[in-house]
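The values are calculated or read from the model by the stated rules, or taken from the named source; none is laboratory data. Keep in mind that this is a model prediction, so the values were computed, not measured. Because the Cβ atoms are built from the backbone with ideal geometry, glycine has one as well, and the counts that use them run over all protein chains shown. Accessible surface is based on the protein model in full, side chains and every heavy atom, while ligands, DNA and RNA are left aside. Shrake-Rupley method; radii C 1.70, N 1.55, O 1.52, S 1.80 Å.
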Amino acid sequence: MISDKGNPTAKYNRIHDGNADGIWIRSNGRSFIEHNDIFGNRLAGICITLGSNPIIRHNKIHGGKSAGVSVHSNG
């Protein structure tokens, strides 16, 4: 998932085994991420960059090959 200036909601999903980040929120994204099972992704479970400010709660982030949550570049 990539959020550019959007406000998508991700609830009750299994996000897993991706070749990059499980969820990537960028460019002032304001996503709402709740009650997801995020695991086994090659990069971060959730990556927040470029002025984004999501609401993230009640997620299970585990078993990834990098960080659970990565925040950088003014995220």
Of all residues in segment 24-53, which are outside any strand (DSSP E or B), at pLDDT 95 or above and open to solvent by less than 60 Å² (accessible area, probe 1.4 Å)? ASN36, GLY40, ASN41, ALA44, GLY45
Within segment 1-12, tally of residues that are under 12 Å from the mean Cα position of the chain (by Cα) and in a loop (DSSP other than H, G, I, E, B): 2
Of the residues LYS60, LYS65, only one is open to solvent by 10 Å² or more (accessible area, probe 1.4 Å) and closer than 13 Å to GLY18 by Cβ; which? LYS65
Hits in segment 19-43 - residues which are of a type in the set (A, V, I, L, M) and under 13 Å from PRO8 (Cβ atoms): ILE23, ILE25, ILE33
Is it the case that some residue within segment 43-52 is hydrophobic (A, V, I, L, M, F, W, C) and at positive phi? yes
Residue count for segment 1-16, restricted to those that are open to solvent by less than 80 Å² (accessible area, probe 1.4 Å) and farther than 22 Å from GLY63 by Cβ: 4
Any chance ASN19 is among the polar types (S, T, N, Q) and open to solvent by less than 70 Å² (accessible area, probe 1.4 Å): no
